[in-house]
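Participant: Take a look at this one; I'll ask things after.
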Amino acid sequence: MTGLPVPPEHRVLLEGVGVRDVKSLAGYRTRRGYEGLARALKMAPAEVTAEVARANVRGRGGAGFPAGRKWGFVPKGSGKPVYLACNADESEPGTFKDRQIMELVPHLLIEGCLVACRAIGAKVGYIYVRGEYPLSIRVLEEALEEARAANLVGKGILGSDFDCDLWVHTGAGAYICGEETGLLSSLEGGRGYPRIKPPFPAIEGLWRCPTIINNVETLACAAVVLRDGADAFLKMGTPDTPGTRIYGVSGHVERPGWFEFETSVTLRQLIAAAGGVWKGRALKAVIPGGSSVPVLGAREIDVACDFGSVAKAGSLMGSAGVIVMDETTCMVDALLNLMEFYHHESCGQCTPCREGTGWLAKLVRRIEEGGGRPGDVDLLASVAEAVGGAAAGKTICFLADSAVMPTRSFVQKFRPEFEAHVAGGGCPSRKAAVHA
Amino acid sequence: MPRVTIDGREVEVPPGTTVLEAARGLGKDVPHYCWHPGLSVAGNCRICLVEVQGMRGTQISCNLPCADGMVVQTGSEAARRARADVMELLLINHPLDCPICDQAGECKLQEYSFELGAGASRFDVPKNHKRKRVEFSDRVVFDAERCIVCTRCVRFTQEITGNGELTVVARGDRCEIDTAPGKTMTGNYQMNVIDICPVGALTSADFRFRSRVWFMEQKRTVCSSCSRGCNVLAGTRWNRVLRLVPAENLHVNRWWMCDRGRLEIRDPAAPDRLASARLLRDGRPADADAGEVLAAVAGALRDAKAEGGAGLFGLVSARLTTEECWLARRLLRGFAGSPNLDWKPRALEADGFLMTADGNPNAAGARAAGIAPSAGGFGLDGFRAAAESGRVRWAVLVGEDLDDRPEDLAVLGRIPFVALIGARESATAGRAVAVLPGATWAEKDGTLVNGEGRVQRVRAVVRGPGAARPESRILLDLLAAVGAPGVPAPGASAGAVFKAMAAEVPGFEGMTLAGLGDLGLPLGSRAAAGAKA
């Protein structure tokens, strides 16, 4: 991996971070902070939506849905209040991008929220922050205080007729509350149960009122679009996914961490940017978009990190949490780790997910720990198909699919390793560790 | 109004109708666990999956609104496969303890397994274990291992009783239904969660392990514990009522009934039942031949008639059927000429939901049948004064006693001839000259009129003990014995008695017993049809 030309990072969202103060309001203003909001306040709400739609800001939470189009779903004249819910419940394993925005440039998120509220006609926005992020919560709260004092949040913002309050709400540790409708249930004080659709949140969301839910990074992009204009945004990244993304590279690399690149960066370049695979070892596999997505093999990494290209390669760019696994990784053990996570986090509402995630975890554990029986690998693959998930219409949300997709791809791409576990009575690397 | 095609049949439905509801309208019951017509849609069990043309994968029909032009396949290969997958997953951790489960025989898991299940299980890892025999109250017992977390019970407490006593705790395949720590279920409607539980997770402390349901006979009848007239299914075996569960009637009780109604089932063979006819001999009650007692009562009624009837008091229970009230009126007023007829009120505390303030199930029927004092006569309130003055020489109590009215009971001794026709032993019966054993609500066919004026059928589901017979039979015999004209002959069918009653009693015009159907009819609703006929 050494010697690969790594393009320079292009810091737009995280511009100035580590170089000068961009965290305080004064510091944020040195990067033309809140100019996007000022511009949005001079535009009609529909024009703000149109600008974000034209910039094709795709949802950075993982689904890649165009934010501008989503904002357009808010019904006109429903007579009900409209809400913004910012999804800052960043809990997808391998993902740590939103916290960089919240902790390093909190005003960028606040500005993004205000721009969105202006566009959709919301007077109240909630930022639902993962409870395990105490620093993010504290920094955001402090930034909100600053913004309130500077009349950037509250009544008559910047002398306009725009009133908007933003509140930080703290999660309590459930992965499922990062699912957008589970987040709404939790915000209302209920169990974090994802909701059946229809009704869709844009029509009936929080307290049965029209609600738009956007990821932190998506809203940050919206602030940048309003500041620089859609044309400038469209010049960055690929036509499929304009702009930059904050990629989190973790696992078996020399220098794990976050990197902001235009979306044209390839997976191979990202790994190089993180110092390459550690200890001089060879690459075995990469999960490109957070733990829920199909795994890619070492030969599948020459792919641009935008939504379309990674989808074409058979995986998903998701939340841009890039998990790197070296040649010594036991893929059965890695899958077991994932299955235990999804089993633990299933909310338990839908039959296939509630029962199926547990079955998958038990099967993988049996194979890993030496109890595998002939036919277990086929059984594992077949159970995964029975659990199906939202794409098959079997569940309310995508959590079941998040267990199914890795299972399917791990078995498909690393089947001999699974078979060897069954035939050899368990994990060879575990045995090696015991005998060493 | 959207038109949809379900399994090749086109149907127009009101906007907002779901595919599952539209299919039910066509007589197709799409499998479902969590969906219940009386509760909000949860969409969690996933067994109601159907295939919709132009939509990816399968869709839950319970939450899919019908759209114009929609083409739905409820039984396509994809839908069946998806449902079979869900069915398999529902059972992997289920204890499969059907042989000892009360729900067996009426369990939706069994029903859909029969339809969709594989013969063998692929699940060869250890099952999860959860709490068993959890007492949610002294009436409701929970088995978490059988539970499929459909949340019908949770939604019932949130949406119907509003007390929110049940909730889901924990996550994933560890989740269970529970009450708040240290709390139990309360109130008069707890047991409905047992009925709506589609599996054997919620069982009745009262009915638990008492009978395999398939050995019971289940008949539709009406609860007699207040004037609501909740429709029920009475489950019987060994000539005993083992269980009452609500039967759907959207005009009356929807899908629910109160616990009081179901727990007041008293065994028809209970020790306090009157099982033989009696006559007072030398001041002591002694068993007698029913024919002899009938003749004694008939003789007393002839005597009363001979004196104009003013000395006869008739107390006719508003727990009796309308037909019985009518026959009693024909006997006591029509034949014997008594102006002194009445029924005894029974006050309850209405609970704001189903239970009414009137503990008589048929006060409306008694009123319609003319059980009330006529001009110059007295009712229950005037009875004591009349008895004390010696004006009352004969008293006939039909289906009723005075045990709860000690002052009235005390004056019975002043009346030379007291006859009681009733089901249960009482102090009143102990003072009667003649006693004929009657029947409980569970032993007779006929009609009750509920507090809202709906005429509904009760059905005999068990037989009374010994010589006990429905009051209608006894009254028909008495009417024949005294030679009263214009009434059905002894042994007439329930339908014939109803027909004769309907011809005379206002509000019943044009009705037949069979024509009441399962749901009953409002008083007066067939008047026009009757006029035409």
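Participant: Mind checking Rg over Rh on the range A:226-332, alpha carbons, Kirkwood formula for Rh? Spell out each step's value before the answer.
Facilitator: Numbers: Rg = 13.9 Å, Rh = 13.9 Å.
Dividing the radius of gyration by the Kirkwood radius yields 1.00.
Participant: Of A:Trp71, A:Ile101, A:Leu135, which is farthest on the positive side of the dipole of the range A:42-136, counting Cα position, with +1 on Lys and Arg Cβ, -1 on Asp and Glu Cβ, and the Cα centre as origin?
Facilitator: A:Trp71
Participant: For the range A:299-436, with the dipole built from +1 on Lys and Arg beta-carbon atoms and -1 on Asp and Glu ones, taken about the Cα centre, which of A:Gly308, A:Ser319, A:Thr395 lies farthest toward the positive end?
Facilitator: Value: A:Thr395.
Participant: Enumerate the calculated ³J(HN,Hα) couplings along the range A:327-344 in order (Karplus 6.51 cos²θ - 1.76 cosθ + 1.60, θ = phi - 60°), each rounded to whole Hz, writing x wherever the residue is Gly or Pro.
Facilitator: 5, 8, 5, 7, 5, 5, 4, 4, 5, 4, 4, 5, 5, 5, 5, 5, 4, 5
Participant: Could you list B:Cys66, A:Cys350 so that the one with the fewest beta carbons within 10 Å of its beta carbon is first and the one with the most is last?
Facilitator: The order, fewest Cβ neighbours first, is B:Cys66, A:Cys350.
Participant: Turning to a different aspect of this structure: Collect residues whose amide H, placed 1.01 Å from N in the peptide plane, falls under 5 Å from the amide H of B:Val418; neighbours closer than 5 in sequence don't count.
Facilitator: Distant-sequence amide H within range of B:Val418: B:Ala395, B:Val433, B:Ala434.
Participant: Something else about it: Out of residues 5 or more away from B:Arg254 or on other chains, whose amide H comes under 5 Å of its own, with H placed 1.01 Å from N in the peptide plane?
Facilitator: Result for B:Arg254 returns B:Asn249.
Participant: Given the options A:Gly375, A:Gly276, A:Gly248, which has the most mean-square fluctuation in a GNM of chain A, springs set between C-alpha atoms less than 10 angstrom apart?
Facilitator: Judging by the Gaussian network model, the answer is A:Gly375.
Participant: Here's something else I'd like to know. Per residue of the range B:19-25, what does 6.51 cos²θ - 1.76 cosθ + 1.60 with θ = phi - 60° give for ³J(HN,Hα)? Whole Hz please, x for Gly and Pro, Karplus curve as stated.
Facilitator: 4, 4, 5, 5, 5, 4, x
Participant: Right, another one. With the Cα gyration tensor of the protein assembly as shown giving a ≥ b ≥ c as the square roots of its eigenvalues, does the rule (a/c under 1.5 for rounded; else a/b larger than b/c for prolate; else oblate) give rounded, prolate or oblate? All intermediate terms of the calculation are to be shown ahead of the outcome.
Facilitator: Working: a/c = 3.28, a/b = 2.37, b/c = 1.38.
Here the protein assembly as shown falls in the prolate category.
Participant: Another question, if that's okay. Tell me the net charge near A:Asp89. Cut-off is 14 Å between Cβ atoms, A:Asp89 excluded, with +1 for each Lys or Arg and -1 for each Asp or Glu.
Facilitator: With Lys, Arg at +1 and Asp, Glu at -1, the neighbours total -4.
Participant: Still on this model: Report, by chain and number, residues whose modeled amide H sits under 5 Å from the one on A:Ile127, excluding near sequence neighbours (fewer than 5 apart, same chain).
Facilitator: A:Cys86, A:Trp167, A:Val168, A:His169
Participant: Between A:Ile127, A:Ile196, A:Ile212, where does the largest GNM mean-square fluctuation fall for chain A, given springs only between Cα atoms within less than 10 Å?
Facilitator: Result for chain A, Cα springs under 10 Å: A:Ile196 fluctuates most.
Participant: Order these by the 10 Å Cβ neighbour count, fewest first: B:Glu400, A:Glu111, A:Glu300.
Facilitator: Ascending number of Cβ neighbours within 10 Å: A:Glu300, B:Glu400, A:Glu111.
Participant: To continue, here is another question. Quick one: grab the alpha carbon gyration tensor of chain B, order the square roots of its eigenvalues as a ≥ b ≥ c, and give me rounded if a/c is under 1.5, else prolate or oblate depending on whether a/b is larger than b/c.
Facilitator: Taking the square roots of the gyration eigenvalues as a ≥ b ≥ c, chain B is prolate.
Participant: So, one more: Tell me, what HN-Hα J-couplings in whole Hz come from the Karplus equation 6.51 cos²θ - 1.76 cosθ + 1.60 at θ = phi - 60° for each residue of the range A:86-100, using x for Gly and Pro?
Facilitator: 8, 7, 10, 8, 5, 9, 5, x, x, 10, 8, 9, 5, 5, 5
Participant: Add -39500 (n - 2.57) for each DSSP H run of 4 or more in chain A, then divide by its residues: what number comes out at 222 nm, to the nearest 500 deg cm²/dmol?
Facilitator: Working: 18 runs with 182 residues, N = 436.
Roughly -12500 deg cm²/dmol at 222 nm, from the helical runs in chain A.
Participant: Sort largest first and round to whole Å: the equivalent ellipsoid semi-axes of the range B:171-278, each the square root of five times a Cα gyration tensor eigenvalue. Numbers along the way, then the final one.
Facilitator: Details: eigenvalues 169, 57, 44 Å².
Equivalent ellipsoid semi-axes, largest first: 29, 17, 15 Å.
Participant: Semi-axes of the range B:427-532's equivalent ellipsoid from the Cα gyration tensor, sqrt of 5 times each eigenvalue, largest first, rounded to whole Å?
Facilitator: With the √(5λ) rule applied to the range B:427-532, the semi-axes are 28, 17, 12 Å.
Participant: If I build a Gaussian network model for chain A, linking alpha-carbon pairs within less than 10 angstrom, which residue out of A:Met317, A:Met325, A:Met43 has the largest mean-square fluctuation?
Facilitator: Result: A:Met43 has the largest fluctuation of those listed.
Participant: When only alpha-carbon atoms count, how far does the range A:274-360 stretch along each of its three principal axes, as whole angstroms with the largest first?
Facilitator: Extents along the principal axes, in whole Å: 42, 30, 18.
Participant: Further question on the same structure: Rounded, prolate or oblate: which one fits the range A:259-304, using the alpha carbon gyration tensor with axes a ≥ b ≥ c (rounded when a/c is under 1.5, else prolate when a/b beats b/c, else oblate)?
Facilitator: Cα axes put the range A:259-304 in the oblate bin.
Participant: Let me know the charge dipole size of the range B:2-50 about its Cα centre in debye, to the nearest 20, where only the beta-carbon of Lys, Arg (+1) and Asp, Glu (-1) is charged.
Facilitator: Values: 5 positive and 5 negative charges, 19 e Å.
For this selection, approximately 80 debye.
Participant: What order do you get for A:His343, A:His421 when you list them from fewest to most C-beta neighbours inside 10 Å?
Facilitator: Ordered from fewest to most neighbouring Cβ atoms within 10 Å, A:His343, A:His421 come out as A:His343, A:His421.
Participant: Using only alpha carbon positions, build the gyration tensor of chain A, then give the equivalent ellipsoid semi-axes as the square roots of 5 times its eigenvalues, largest first, whole angstrom.
Facilitator: Computed over chain A, the values are 39, 25, 18 Å.
Participant: Which GluC sites (Glu not before Pro) from the range B:322-365 combine a DSSP loop assignment with at most 14 other Cβ atoms within 10 Å? It would help to have the intermediate numbers written out before the result.
Facilitator: Numbers: sites: B:Glu323, B:Glu324, B:Glu349; in loops: B:Glu349.
In loop regions of the range B:322-365 (DSSP not H, G, I, E or B), the sparsely surrounded GluC sites (Glu not before Pro) are B:Glu349.
Participant: Would you please state the base-10 log of I(q)/I(0) at q = 0.16, 0.17, 0.23 1/Å for the range A:1-96, with intensities from the Debye formula using one equal scatterer on every alpha carbon?
Facilitator: -1.05, -1.14, -1.33
Participant: Using the charge dipole of chain B (Lys, Arg: +1 at Cβ; Asp, Glu: -1 at Cβ; taken about the Cα centre), state which of B:Ile474, B:Cys34, B:Asn249 has its Cα farthest towards the positive end.
Facilitator: The residue sitting farthest along the positive end of the dipole is B:Ile474.
Participant: At 222 nm, what value in deg cm²/dmol follows for chain B if DSSP H runs of at least 4 each add -39500 (n - 2.57) and the sum is divided by all its residues, to the nearest 500?
Facilitator: It comes out at -6500 deg cm²/dmol, rounded to the nearest 500.
No value in this document is a laboratory result; all are computed from the given coordinates. Owing to the predicted nature of the structure, the values given are computational and were not obtained by experimental measurement. Cβ coordinates were reconstructed from backbone atoms using ideal geometry, including for glycine residues, and neighbour counts include every protein chain displayed.
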